[in-house]
Structures are given as structure tokens and as C-alpha cells.
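Here's the structure we're looking at; comments come further down.
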Amino acid sequence: MTEREKMLAGGWFDPRDAELTAIRDNATRLMHRLNVELCGHDDAYRAALRELCPGCEGFIREPFRCDYGLNISIGEGSFVNFDCVFLDLAPIRIGRHTLIGPKVQLLTALHPFDTAQRRTGLEAGRPITVGDDCWLGGGVIVCPGVAIGDRSVIGAGAVVTRDIPADSVAVGNPARVIRTLTRQDETE
């Protein structure tokens with residue numbers, strides 16, 4: 001099994017592998033184009049964005065950082081604001097019509113707790129899923145393996161360490177659900 005296959009399977013893998021390094025280097029070149037060279041959000045910008053993140057049907061504002069780009073899926077009508085970081089060692093799936101505030105971090109990366117094992121440089125990833133019609137406020141951090149249900153709102157600065165059910169408002173560090181959204185909320 002290749003290191004890339006191990007990564008995609010959620011196992012421990014060596015990120016120094018030549019194939020993975022080449023993919024990250026390509027992502028770095030594409031991010032440079034998006035973040036520095038292409039500022040107009042024109043067809044060239046959208047083409048570079050689709051090359052970096054082929055699964056992106058939404059829009060990402062620069063600057064934007066990721067590891068690979070290939071593991072990111074963003075649904076139609078979704079918007080990722082300035083200065084976001086998506087560490088996509090595992091899949092990051094964002095649903096349709098979701099708003100991601102500035103400086104949001106979606107972090108799939110895991111490192112061993114054992115110091116001897118951590119010195120080996122191996123890492124793993126756990127997927128992150130954000131549902132349809134969600135809103136993640138500025139500075140939200142989502143930890144590895146978390147799923148956020150449809151129509152949920154995550155307050156600015158929250159650190160999401162556990163799954164959040166659909167139709168929830170969650171805030172704090174660690175994020176906790178403070179209320180459930182209702183149909184009345186949709187009209188306010």
C-alpha cells in the first residue's frame with residue numbers, strides 16, 4: 001500500500017513520501033497563483049481554484065491555505081471567506097449554501113500522542129463534514145473527525161471537538177450546543 005493510499009484510508013502514513021510531497025508542492029504553486037497572482041476572481045482564478053480543489057463548486061476568497069486541495073469538496077453556493085486553513089489529510093466535505101467565516105481552520109491532521117512514535121514523523125487524518133446551509137463564524141476551529149449537521153450555526157471563535165447535531169447553535173471552547181434552531185428562526 002502506498003503512503004497516499006494509507007493517507008486516504010485514514011491510516012498512519014509518512015508525509016515525506018515523494019508522491020505526497022509532489023502533490024503538496026503543486027498545491028503550493030496553485031495557492032500562490034490564487035493568493036498572489038490572480039486577484040480578480042475572474043475565469044483564470046476560478047480555473048486555478050478548480051485545479052487546486054477539483055471538488056469545489058463554491059467560492060474561496062484569498063488568502064487560502066491547504067495541504068493537498070484534492071481532498072476538499074465544497075458544495076454549490078457555499079462561500080469560504082478570507083484567510084482560511086484547511087488541512088486536508090483526510091476528506092473535508094462542505095455542503096451546499098454554507099458560509100465559512102474568515103480565519104476558520106478545518107484541521108483533519110492527527111499526530112501520535114506517544115513521543116517516540118511522534119518522532120517518526122508519521123501522521124494520519126480524520127474526515128471533517130460540514131452540512132448544507134451551515135454558518136461557521138470567524139475564527140472557528142474544527143478538529144479531526146468532526147461532523148457538523150445541516151443548518152447549524154457555530155459561533156465565532158468556537159473550537160469544535162465533537163459532532164454537532166443538525167439545527168444547532170454551538171459556541172465556546174470546547175463548543176457546546178446552546179440551543180436548537182426552529183422554523184421561527186428562519187423568519188427572523
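The values are calculated or read from the model by the stated rules, or taken from the named source; none is laboratory data. Everything quoted here is computed from the prediction, not taken from an experiment. All Cβ positions, even for glycine, are placed from backbone atoms using ideal geometry, and neighbour counts span all protein chains on display. What goes into the accessible areas is simple: the full protein's heavy atoms, side chains included, and nothing from ligands, DNA or RNA. Shrake-Rupley method; radii C 1.70, N 1.55, O 1.52, S 1.80 Å.
Among the residues of the stretch 1-50, those that are in contact with a strand residue (DSSP E or B) (Cβ under 8 Å, 6 or more places away or on another chain), within 24 Å of Arg126 (Cβ to Cβ) and not in a loop (DSSP other than H, G, I, E, B) comprise Glu3, Arg4, Lys6, Met7, Phe13, Leu20, Ala27, Met31. So which of Arg61, Arg50 is under 20 Å from Ala22 (Cα atoms), at pLDDT below 95 and among the charged types (D, E, K, R)? Testing whether each residue is under 20 Å from Ala22 (Cα atoms), at pLDDT below 95 and among the charged types (D, E, K, R) leaves just Arg50. When you look at Tyr68, is it over 14 Å from Val80 (Cα atoms), at pLDDT 95 or above and out of contact with any strand residue (DSSP E or B) (no Cβ under 8 Å at 6 or more places or on another chain), yes or no? Here the answer is yes, as Tyr68 does meet what is asked. Filtering the stretch 15-35 down to residues that are in contact (Cβ under 8 Å) with a residue 12 or more places away in the chain and over 21 Å from the mean Cα position of the chain (by Cα), which residue is surrounded by the fewest Cβ atoms within 10 Å (Cβ to Cβ)? Across the stretch 15-35, the extreme among qualifying residues is Arg16. When the stretch 51-72 is filtered for residues that are open to solvent by 50 Å² or more (accessible area, probe 1.4 Å), outside any loop (DSSP other than H, G, I, E, B) and under 15 Å from Ile92 (Cα atoms), only Arg65 remains. Restricted to strands (runs of 3 or more DSSP E) entirely inside the stretch 79-188, those with at least 1 residues that are in contact (Cβ under 8 Å) with a residue 24 or more places away in the chain and either under 18 Å from Cys53 (Cβ atoms) or open to solvent by 30 Å² or more (accessible area, probe 1.4 Å) (or both) are 84-87, 92-94, 105-107, 128-130.
Residues that are without any contact (Cβ under 8 Å) to a residue 12 or more places away in the chain and over 20 Å from Leu99 (Cα atoms) within the stretch 46-73 comprise just one, Ala47.
The single condition from (1) over 30 Å from Pro15 (Cβ atoms); (2) more than 19 Å from the chain's Cα centre (by Cα); (3) aliphatic (A, V, I, L, M) that Leu122 fails is (1).
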